[in-house]
Amino acid sequence: MNSLLITLTWVALNWAGSDSPTKVIAHAQFGSFIASRTPAEAQQARQTVVSFLTWYKNHIQEANRSPLVNQTEGKPYSVNLKNGERYLTYLKSSHLLTDAYLNQWRTFFRERQAGFRQSPQSEGPPTGFDYDLVMLNQDVDMQFAALKSLKMGKVVVSNDKATVGFTLLDTYEFGLVRQNGRWLINEILNQSQE
């Protein structure tokens, strides 16, 4: 059965607190919603997300090659900060993530190291590292196997910020910022796991 493509374009004038109207364009396609100054901006933000998901699917094994937690038998766990930097450098090589996003993970690694020192752990999955740190779940292999069935959701663009929603087994919202004319991912939320 052929997919039914319904495209609805709605243009409204919205007063943005000044005497000049701001154009708001909503564009619905395949059940998604886009609110932005132009559909092209929303499409670019959406494409950044799809490009990153594809990149990560193709590079997940390499990205996770170095263990982030030292788990020597009989010793308490510790975060391997050197491998953490390798991991973040590899993610940065996608050229689709902001430094702020990567810095949040640096902070997380330091906080978990402090947590392991305060409450030593030597058995079971290391607290905070029992899921994929990018997709924020344990079923990342199943997700990427289903990448072709990615269901895009709401895309909202406001100035140099955007949010892109989608479903890939779980429901996600990616926060993006425009830097040097390019959309970069600044935040990844797995709304199904919150």
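Side notes on the structure shown:
- Inter-residue pairs, beta-carbon under 6 Å, first in a helix (DSSP H, G or I) and in region 36-61, second among the basic types (Lys, Arg) and loosely packed, with under 14 Cβ neighbours inside 10 Å, 6+ apart: none
- Flag if residue 113 is of a type outside the set (Val, Ile, Thr), assigned to a helix (DSSP H, G or I) and under 23 Å from residue 60 (Cα atoms): no
- Every residue from region 159-180 that is β-branched (Val, Ile, Thr) and within 15 Å of residue 96 (Cβ to Cβ): 164, 177
- Residue ID - farthest from the chain's Cα centre (by Cα), chosen from residues in region 129-143 that are surrounded by fewer than 17 Cβ atoms within 10 Å (Cβ to Cβ) and closer than 24 Å to residue 75 by Cα: 130
- Residue that is surrounded by the fewest Cβ atoms within 10 Å (Cβ to Cβ) [pool: residues in region 37-59 that are of a type in the set (Phe, Trp, Tyr) and more than 18 Å from residue 161 (Cα to Cα)]: 55
- Every residue from region 63-90 that is of a type outside the set (Phe, Trp, Tyr), in contact with a Phe, Trp or Tyr (Cβ under 8 Å, 6 or more places away or on another chain) and within 18 Å of residue 110 (Cβ to Cβ): 66, 68, 69, 70, 76, 78, 79, 81, 84, 88
- Within region 144-175, the set of residues being under 15 Å from the mean Cα position of the chain (by Cα) and of a type in the set (Ser, Thr, Tyr) comprises 163, 167, 171, 172.
- Condition check for residue 152: in a helix (DSSP H, G or I) and either among the aliphatic types (A, V, I, L, M) or at positive phi (or both): no
- Residues satisfying the stated conditions in region 67-104, i.e. buried (at least 19 other Cβ atoms within 10 Å of the Cβ) and assigned to a helix (DSSP H, G or I): 84, 87, 88, 91, 101
Each reported figure results from applying straightforward, stated rules to the coordinates on display, with no laboratory input. This one's a predicted model, so the numbers in the text were calculated from it and none came from an experiment. Because the Cβ atoms are built from the backbone with ideal geometry, glycine has one as well, and the counts that use them run over all protein chains shown.
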